[in-house]
Structures are given as structure tokens and as C-alpha cells.
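Asks: Below you'll find the structure I mean.
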Amino acid sequence: MNSAILKPRKRIDRSTMITIGIIIAIYMLAFGLEQVIPASSMIFTVLKKGATYALVAVSMNLLNGFTGLFSLGQAGFMLIGAYTYAIFTVPVANRLSVYRYYDGGVIQFTLPLLLAIVLAGVVAAFFAFLIGLPVLRLKSDYLAIATLGFAEIIRAIFQWDKLGVVTNGSNLLREFPNFNSFNVKDANGNVTLYLSTLIPFLIAGVCILLIVMIINSSYGRAFKAIRDDEVAAEAMGINLARHKMIAFCASSFFAGIGGAMLAMYQNSVQAKSFTTAMTYEILLIVVIGGIGSVTGSCLSSFLFVACSEWWLRFLDQQQTINGWQVPLLRSGFRLVVFSLIIMAVVLFFRQGIMGSRELSDLFKNRWNKPSRKGGVKP
Amino acid sequence: MFSTVLPYLLSGVSVGGQYALIAIGYTMVYGILRLINFAHGDVFMVAGILMVYISASGVPLYISIPLVLALTAAIGFAIERVAYKPLRSAPRMSIMISAIGVSYTLQNLVLYITGGLNQFYPSIPFISDTVTIGGASTRMVTIVTPILTLVLVVALVMLINHTKIGMAMRAVSKDFETSRLMGIKINSVISVTFVIGSFLAGVGSILYFTNYSTVIQTSGSMPGLKAFVAAVFGGIGSVPGAVVGAFIIGICENLLKGLDTILIKAGIITKTFGFTTFSDAFTFALLIIILIVKPTGLFGEKQIDKV
């Protein structure tokens, strides 16, 4: 058998080069903007939260879009990640005030930041493994509702009074390092180099790169085979249970890291806020971006966050144009418009922004047209 | 001992009846479309909001209650036509996502209209009255709910088993394509299903919110999810199963809420254990157990996978 033919080309083609160029340009832009524009600008809120959501959305896409496992447990795994990060990074000196009702809690040490972030992912993946053992045997919508149920159970456990010495019960966890802690400061406390936007971009970027590498590996191809036809995939020798578990744990790992990032973005963590509504939001981001497209998920995260936090804000305030009072505009209208846009996407543009294409595919069509035509011919 | 348990048991039966009325909507829609209608809980919430606004406009009760029920049924009908019908040939996941989108839209719409504030549910004479049963003081709604639920369920089962539209429903839920070939108007059957489901959710909302007295845009999601669990527990697609499941969940949940008090009064434990935190989580634990042990639920039919 000539297996060499099946191997993907190693040569870096033009579309990949352009893609890499665009990504580097985005990072330089994110870094540059932060040095120029005042830190209080809305754009940084959007960029930081957008990067966080991009990671979570891509992790959900890995499961829902590439493996075809319809899971609605993302908020639960984010919660685990956020709590793990927060619990292990609150400075020892602040523990007494944070764990006010639990005499400072039982954990009296802190982990290095990077280690805590990775641990957030590992703990989330471990929980996913435990949950996956029974749940992954279920099919489509039963799986969805079971994972959703687990997210709710996790939320209840973390709020439980008896675990308060670790989780602080239903109280806020706070005073842990956030994105602003990455800014380089001089002796007077003035910021000399802003890194608070670049860092979330880097964390999310590295994680998304890892996910893309998983998707392009033999595991990724097995995931896609499972998505397209479970029975056929099994007949081809793919171990269903094992691959589903890998996808579920990997997705949860990155959701956990996303949770840690969300904790950093919000400055505080409370189990109460990780509701199913959060999972729905992320699912809608994935759908808007295109189920099965990493680029789409990233793009739509930033669009989603920008629309909900920034661009549509004007809809929430009373506006007058030439003395004419615009009707309907008041607090909450933004969300109505927003949800109608989402419904329109769900109903009429089912492919989302990108369908299942990636950034590099956009250039491939243009540059490699002649060779492609030849390839398609029977 | 019994007098400590009784209040929780009573409110459990009452809440169970209310869940049952919502669960029927889930189970019927799932039976026909194989769709978890995530928006159903929000239809239930919207019915509550409608009641608040309609009775605030000064309409007498004998008009407002039928009006609310009719409007709720109309909303259910409209949602199906707008959000689910265009996706009939799409993959099941698309319809489910559409349902999540509808849920999101309804919640935001209500948030906009109410300004995100708790709305006080109007008190309805007779069912808001206080009564005393076996030493436990409760509201009339606690007694009315199970009775009304059973009457409605019996009527519904009669409808499904003995009328032409009921026969059509059963046919469609057995085999979508074949029943279409047999000349059944699929769309009208599905519409009727949604109308019935929403109507019952409307009845449930009147009973539920009379008990809880405030409505906010998120108050539909938890009862909705629990009712869905009840539907799965009883065997999705089966109306009596959904009702039995709902009563079991309602009673267990309320007993769990009172477990600390009950155990302390009985002298088994001395300190509170914090069981109340798990009253919501319990429902989902039950769901996962039933899905693993008996995925078809108590009364469900065995599903055979076709390749």
C-alpha cells in the first residue's frame, strides 16, 4: 500500500503564510493599541473579554462542531477553571479578608500564576473525565440535557456551605491577580509597559493553536469521522468511547482555562454567575461563527462581545434626532435587537459567518484556483 | 414527625402538579418533533408576565384568565411557525439551537418590557386563600393544583386516545414520514400540539406564580428545566409518565428543602447540613441516574436505532 499519498503536504503554501501574517498583525495591533489608547477605553474590555470568549467558543466548537457531541456543560467547566485559578492564586496575606466567614480557608499557599492557569484546565478535564464516564454513552439531545444537568450540579456543589473553607461558599472570591497585574510598572507604580491585553491574547492564542493542532491530527480526523457517521467510524476501527472521551476532556480542559481567564477579566468569581444562560451565549457565538470553524468562533466572539458591550449600547439610551424622540430606546432594548439578530442568523444564515471554512481557506480559493479545478475533475 | 413533614409534602404535591402541566408540553413536542423545546419554560414565564400586565390594566378576572391562556397558546403557535417550521428539514441540532435562540429572545424581550424588576403577581381570589390541613397552614392553590392537573391530564389523554386529532398526533409521533404519506396534515398537528402545550403551561403559570407571587424574566428557566427532567424521568413522549415524573420530582425536591428541619426535629442530626443548596441539583442528579439506568424512562417506549 502506498500510504505516502495520503500524507498531508508539509510544504507551507501561500494561504498559510498569509494567515500567519494576519495573525501576527493582529497581535502587533493589540500590543500597539494598548500603548497608545488610554487603558479605560471600551475597546480593551471588548478585546479582553473577546479573547476569553474566543477560547471558550473554540473549545465548545471542538466538541459540538468537530466531534458532533452536543454538550451544554461549558459553563460548569468554566466554573471549575475559574474557581481553581482563584483558589490557588489569592495571596496568602489577603486570604483572611477573602475567606472572611471561613477563618481564612484551609489552603494557605499560592501557586505560580501560569501553573494555576494550567491547573484550572487540568481540574476541569479531570471532572470532565468523571462526568464523561457515564454521560458520553448518551446520544444527541440526551447528552445535551445531561451535561447541562451536571453544570447545574457543579454550581450547587461549589455554593455548598460545607465546602466553604475551600470555595468560600456562595461568597465572592476576589483579590487574585487579574490581567492588569501583567502590566510592567516602575517604582512609583506608574505603568511603563501595558501587557494586560496582549496576555489574554497570548493565552487564548496558544490554546487555540493547540486545539487547531488537535483538529488537524489523526485524533481530529477521527473526531470528524465520528461526527459524520458514528457507525461508519466504528466500522473503520475508531474507538468511539475513547475518542469521545478525549474530545470531551480536551474541550473541558480549554473551557477550564477559559474560565480562569474569565476570572481574571472579571476580578472576581461567584458560582452564581455561571448559569446555563452563559452556556447558551457561548453556543450562540459558535453558531453565529459557523459550527465547525475555528476562525468563525473567534470572529464571532469578538463581534458578539463588541455588540453586546459596546456598539449597541446607544440603543439603551434615549436618543433625540433633530428634536425627535426616537421611540422604543430604553434600557434593555439593545438585548432585544441583539437577540433578534441572533434569531435571524439561526433561521436564515444557518452557515454562520464562516460556515466550516477557516481563514486560510479564504485565500486558498483565490490563489490556487487553477490547480483546484484540475483536482476536482473525475 | 408527620406534622413536620406534612407542609413540605403538601407544597411538593402542589409544585409537582405545576411541573406536570409544563412537562406535558415538553413531552408532547418531543414525541412529535424529537425536539427539546428549550423555549417552553420561557413561554410559561411569559404567561406569568401577561397576567401581571393584563390584570394591572383593570380587566376583571373572568376575562383576564381566559385571555392569558388564549394569548399563551397563540404565542406557542407563533413560536412554532416562526422558529421551528422553517427548519423542519434541517438537522435536529439546528432546531434545538433555534429553540435556545427563542428562549434568549423571550427573556430579553421581557427584560426590556419589565426593566428587569420583579413583577408582583396579582392575587387571585379563592386559590390565594389560606386554608389549614392537618395542622399545616397553606394556600388553596396547594389543593387545587393536583386536582386541576389530574382533570386536565385525563381530558388530554381522552383527547389523544379518542379523537381524530389525537389519533393523528399518535401517528405523527410514531412515524413522521409515513403519516404524511397517509394524508395527515403534519403542520396542523404540530400546531395543535404546541397550542395544547402552551395552554397547559399557561394554566401551570397561574398556579405556580400564585404560589411564588413574583415573576422575573429568568423565573421560567428553572421550572422549565425541571419539568423537562420530569418528562424524561417519566419516559419522554408519554403524557402520564410526565405527570408521574413531575409529582415525584416536586415532592422529592421539597422534602430535600425541608430535610434539615425534619432531621433536626427527629433528633437524627443536631446541626444543619445544607441540603437546601442541593434541591435544584437533586433534580439533575435524578435525571442522570435515570438516563444511565433506564434511558427510556418509567413509561417510555424502547427506541430502536436505525442505521
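The values are calculated or read from the model by the stated rules, or taken from the named source; none is laboratory data. This is a predicted model, so every value here is computed, not measured. Here the Cβ positions follow ideal geometry from the backbone for every residue, glycine too, while neighbour counts run over all protein chains shown. Just the protein is used for accessible areas: all its heavy atoms, side chains included, with ligands, DNA and RNA removed. Shrake-Rupley method; radii C 1.70, N 1.55, O 1.52, S 1.80 Å.
Asks: Mind counting the residues in the range A:277-300 that are under 20 Å from A:Leu262 (Cα atoms), touching a Ser or Thr at 6+ places or on another chain (Cβ under 8 Å) and open to solvent by less than 20 Å² (accessible area, probe 1.4 Å)?
Replies: So the count comes out to 2.
Asks: Could you pull out the residue among A:Ala277, A:Ala263 that is in a helix (DSSP H, G or I) and touching a strand residue (DSSP E or B) at 6+ places or on another chain (Cβ under 8 Å)?
Replies: Being in a helix (DSSP H, G or I) and touching a strand residue (DSSP E or B) at 6+ places or on another chain (Cβ under 8 Å) holds for just one of A:Ala277, A:Ala263, which is A:Ala263.
Asks: Going residue by residue through the range B:128-136, is there one that turns out to be under 23 Å from the mean Cα position of the chain (by Cα), within 30 Å of B:Ser64 (Cβ to Cβ) and away from chain A (no Cβ under 14 Å)?
Replies: Checked against the condition, which is being under 23 Å from the mean Cα position of the chain (by Cα), within 30 Å of B:Ser64 (Cβ to Cβ) and away from chain A (no Cβ under 14 Å), the range B:128-136 yields at least one hit.
Asks: Out of all the residues in the range A:81-109, which are assigned to a loop (DSSP other than H, G, I, E, B) and at pLDDT below 85?
Replies: A:Tyr99, A:Asp103, A:Gly104, A:Gly105, A:Val106, A:Ile107, A:Gln108, A:Phe109
Asks: Report those helices (runs of 4 or more DSSP H) wholly inside the range B:228-307 carrying at least 3 residues which are more than 11 Å from chain A (Cβ to nearest Cβ).
Replies: Fully inside the range B:228-307 and qualifying: B:239-257, B:259-266.
Asks: Could you tell me which numbered condition B:Ala23 fails, if it satisfies all but one of (1) modelled with pLDDT of 90 or more; (2) within 15 Å of B:Thr210 (Cα to Cα)?
Replies: Only one criterion in (1) modelled with pLDDT of 90 or more; (2) within 15 Å of B:Thr210 (Cα to Cα) is unmet by B:Ala23, namely (2).
Asks: Additional query: Is at least one residue of the range A:90-97 small (Gly, Ala, Ser), farther than 30 Å from A:Val294 by Cα, open to solvent by 10 Å² or more (accessible area, probe 1.4 Å) and without any contact (Cβ under 8 Å) to a residue 12 or more places away in the chain?
Replies: Checked against the condition, which is being small (Gly, Ala, Ser), farther than 30 Å from A:Val294 by Cα, open to solvent by 10 Å² or more (accessible area, probe 1.4 Å) and without any contact (Cβ under 8 Å) to a residue 12 or more places away in the chain, the range A:90-97 yields at least one hit.
Quick grid of which residues meet (1) at pLDDT below 80; (2) not aliphatic (A, V, I, L, M):
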position: A:Ser308; (1), (2): no, yes
position: A:Phe314; (1), (2): yes, yes
position: A:Ser339; (1), (2): no, yes
position: A:Val345; (1), (2): no, no
position: A:Gln351; (1), (2): no, yes
position: A:Met354; (1), (2): no, no
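Asks: Looking at the range B:128-211, what helices (runs of 4 or more DSSP H) fall wholly within it and have at least 2 residues that are charged (D, E, K, R) and free of Cβ contacts under 8 Å to residues at least 24 places away in the same chain?
Replies: B:164-174, B:176-181
Asks: Filtering the range A:138-152 down to residues that are free of Cβ contacts under 8 Å to residues at least 24 places away in the same chain and surrounded by fewer than 23 Cβ atoms within 10 Å (Cβ to Cβ), which residue is farthest from A:Thr84 (Cα to Cα)?
Replies: A:Lys139
Asks: Across the range B:23-60, what is the number of residues that are of a type in the set (Asp, Glu) and either out of contact with any Leu (no Cβ under 7 Å at 6 or more places or on another chain) or part of a loop (DSSP other than H, G, I, E, B) (or both)?
Replies: So the count comes out to 0.
Asks: When you look at B:Gly48, is it under 17 Å from B:Phe209 (Cα atoms) and in contact with a Pro (Cβ under 8 Å, 6 or more places away or on another chain), yes or no?
Replies: So B:Gly48 does not fit the description; no.
Asks: Condition test on A:Ser218, is it farther than 26 Å from A:Ile117 by Cβ and within 14 Å of another protein chain (Cβ to nearest Cβ)?
Replies: Spelling it out, it is not the case that A:Ser218 is farther than 26 Å from A:Ile117 by Cβ and within 14 Å of another protein chain (Cβ to nearest Cβ).
Asks: Exactly one condition in (1) under 13 Å from the mean Cα position of the chain (by Cα); (2) surrounded by fewer than 19 Cβ atoms within 10 Å (Cβ to Cβ); (3) of a type in the set (A, V, I, L, M) is false for A:Ala75; which is it?
Replies: Condition (2) is where A:Ala75 drops out.
Asks: Between A:Ser360, A:Ser308, which is away from chain B (no Cβ under 14 Å) and open to solvent by less than 40 Å² (accessible area, probe 1.4 Å)?
Replies: Testing whether each residue is away from chain B (no Cβ under 14 Å) and open to solvent by less than 40 Å² (accessible area, probe 1.4 Å) leaves just A:Ser360.
Asks: While we're here: Here is a list: B:Tyr104, B:Tyr121. Which entry is crowded, with 18+ Cβ neighbours inside 10 Å, under 30 Å from A:Leu340 (Cβ atoms) and away from every other protein chain (no Cβ under 14 Å)?
Replies: Being crowded, with 18+ Cβ neighbours inside 10 Å, under 30 Å from A:Leu340 (Cβ atoms) and away from every other protein chain (no Cβ under 14 Å) holds for just one of B:Tyr104, B:Tyr121, which is B:Tyr121.
Asks: Hey, among B:Met45, B:Met28, B:Met51, which residue is over 13 Å from the mean Cα position of the chain (by Cα) and open to solvent by less than 30 Å² (accessible area, probe 1.4 Å)?
Replies: B:Met51
Asks: Working only within the range A:145-168, note down all residues that are among the small types (Gly, Ala, Ser), touching a Gly at 6+ places or on another chain (Cβ under 9 Å) and more than 19 Å from A:Ala125 (Cβ to Cβ).
Replies: Those that are among the small types (Gly, Ala, Ser), touching a Gly at 6+ places or on another chain (Cβ under 9 Å) and more than 19 Å from A:Ala125 (Cβ to Cβ): A:Gly149, A:Gly164.
Asks: Also: Mind checking which pairs have a first residue in the range B:272-284 that is closer than 15 Å to B:Ala246 by Cα and a second that is among the basic types (Lys, Arg) and at pLDDT 75 or above, Cβ under 6 Å, 6 or more apart or different chains?
Replies: Pairs found: B:Ser279/B:Lys257; B:Thr283/B:Lys226.
Asks: Just for the range A:187-246: of the residues that are aromatic (Phe, Trp, Tyr) and either closer than 17 Å to A:Gly50 by Cβ or not in a helix (DSSP H, G or I) (or both), which one is least open to solvent (accessible area, probe 1.4 Å)?
Replies: That would be A:Phe201.
Asks: May I ask you to say which residue of B:Ile75, B:Ile113, B:Ile63 is within 14 Å of another protein chain (Cβ to nearest Cβ), part of a helix (DSSP H, G or I) and among the hydrophobic types (A, V, I, L, M, F, W, C)?
Replies: None of the other options fit; the residue is B:Ile113.
Asks: Scan the range A:110-121 for residues that are modelled with pLDDT of 90 or more and either of a type outside the set (A, V, I, L, M) or surrounded by 15 or more Cβ atoms within 10 Å (Cβ to Cβ) (or both) and report the count.
Replies: The qualifying residues number 6.
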